[in-house]
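We did not get these values from a lab; they are worked out from the coordinates using the rules stated. Small disclaimer: the values here were computed from a predicted structure and weren't measured. Positions of Cβ are generated from backbone atoms using ideal geometry, with glycine treated the same way; all protein chains shown enter the neighbour counts.
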Amino acid sequence: MKAVVISSPGNLEILEKPLPVPGRGETLVKIKYCGICGSDLHAFTSGFLPPDLTIGHEFSGIIESVGRDCHGWKPGDYVTGNNIIGCNKCSSCKNGQENLCSDMRRLGITDQGAMAEYVLVPAKDLVKLPKDASLEMAALSEPLSVGLHAINKVKTNRNDHILIFGAGTIGLVILTLLKHFGAKSVTVVEPDPARRNIAEVIGATKTIDPLINSLDSEINKLTDNKGMNVIFECAGLPETIQEACSQGSAGATVVVLSICYQPVELNFLSLVTKEVKIITAFGKTNEEFKKAADMIASGLVDLSPLITGLISLDKIAGAFHDHSGGKIKTLVAF
Ligand SMILES: [Zn+2]
Ligand SMILES: [Zn+2]
């Protein structure tokens, strides 16, 4: 089978690998679509993954074969699956928090990923899709579940003024979910005009270019000088995390779910006197993944504005080399 690896920093290769055989509790999934994630692009430039590891973790497909003890699963089932593979034994997993598993495996990072013609996935981490589901859209279950997890952490409500930093995939799925759940306003901060445009198509109350406009005055206008009630930080820069923490109203919650590699300096004086809560969110649980997949399959949310590219496998190297601002989610069709 064909499988995509990052053979060295900046180099993508399509290798011919043997077809894996599902072991106990495992299924072999024939991939239909796999999305290119920001984390794949980061691995591509930094080259931190083993050179023979198949990348990819945002997938949909059809079960090809099943190993022993995969009750309820059969060849031909339409599926997507959680890339976070919990050990099922630790206290986090027993608590339903696979995203905090102490012995976590992840497709495309620790285990062979889904940017391949076939991938092995434990049956416990799969979600079955109805036969009329769009497998193209279902490949976005993974990023949607990340947004859902972040929103579940803070429990937003309809009276909240909400601010999102960054209109990449995760910022835009959070925007889509907030439009579905309801909020007083949702403002998106994003320097790239093409990305702001997509946020407007999805229905952002306002988009702000932080390179041109003063965030303070825009936010004061929108909130009667009170500040934002909930802020999602999805940009991942020290400055955006600092800015996110400074735009909260009294009692606001800041959810940091971006991956920022540098340390961030924060002045806690105004955070303490306004009792601003800073919380973090990482990954998603199996329950949230299933909810996200069901939301897409049932048409509760429409993520089609996020799909900015649909390519065949032979075009994948080009997609990694040219991932400029306006490109949100590129799906590889197998
Ligand atoms: Zn991803
Ligand atoms: Zn565990």
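List of remarks:
- Within straight-line cross-link reach of residue 124, aspartates and glutamates at Cα separation under 17 Å, skipping those fewer than 8 residues along the same chain: 26, 58, 64, 69, 77, 98, 103, 111, 142, 287, 288, 294
- The modelled label-to-label distance between residue 217 and residue 15, using points 7 Å beyond Cα along the C-beta direction, is 5.6 nm.
- Computed over the Cα atoms of the range 192-334, pair by distinct pair, the Kirkwood hydrodynamic radius stands at 17.8 angstrom.
- Cross-link pairs exceeding 27 Å in C-alpha to C-alpha distance, out of 155/274; 206/315; 153/226; 30/155; 89/277; 290/329, comprise 206/315; 30/155; 89/277.
- Cross-link reach is defined here as a Cα-Cα straight distance under 14 Å, omitting same-chain residues fewer than 8 places apart; for residue 184 the aspartates and glutamates meeting it are 160, 224.
- Positive-end residue of 280, 213, 193, charge dipole of the chain with Cβ unit charges: 280
- Label-point gap, in nm, between residue 279 and residue 322 - each point 7 angstrom along Cα→Cβ: 4.2 nm
- Dipole of the chain [Lys/Arg +1, Asp/Glu -1 at C-beta], most positive-end residue of 175, 306, 39: 175
- Rounded FRET efficiency, nearest 0.05, which uses the C-beta distance separating residue 134 from residue 312 and R0 of 22 Å: 0.75
- For residue 153 and residue 272, the difference between the fully extended length at 0.36 nm per residue and the C-alpha to C-alpha distance is 40.8 nm.
- Across the range 263-277, computed HN-Hα scalar couplings (Karplus, 6.51 cos²θ - 1.76 cosθ + 1.60, θ = phi - 60°) run x, 10, 8, 10, 8, 7, 4, 6, 5, 5, 6, 9, 6, 6, 8 Hz from first to last residue, x flagging Gly and Pro.
- As a ratio to 2.2 N^0.38 Å, the alpha-carbon radius of gyration computed for the chain takes the value 1.00.
- Positive-end extreme of charge dipole, the chain - chosen from 50, 138, 92 (charges on Cβ): 92
- Point-charge dipole on Cβ atoms (K/R +1, D/E -1) for the range 147-280, about Cα centre, debye to 20: 540 debye
- Around the Cα centre of the chain, unit charges on the Cβ atoms of Lys, Arg, Asp and Glu (plus for the first two, minus for the last two) sum to a dipole of about 860 debye.
- Ratio Rg/Rh [Cα only; Rh per Kirkwood] for the range 142-263: 0.92
- Longest DSSP-loop-exposure-free segment, GluC sites (Glu not before Pro), the chain, at most 12 other Cβ within 10 Å: 1-264
- Positive minus negative residues near residue 37 (Lys, Arg vs Asp, Glu; Cβ under 10 Å): -2
- Computed E for residue 62/residue 242 - FRET, C-beta separation, R0 56 angstrom, nearest 0.05: 0.75
- Taking label positions 7 Å along the Cα-Cβ direction at both residue 197 and residue 179, the computed distance is 1.6 nm, reported to one decimal.
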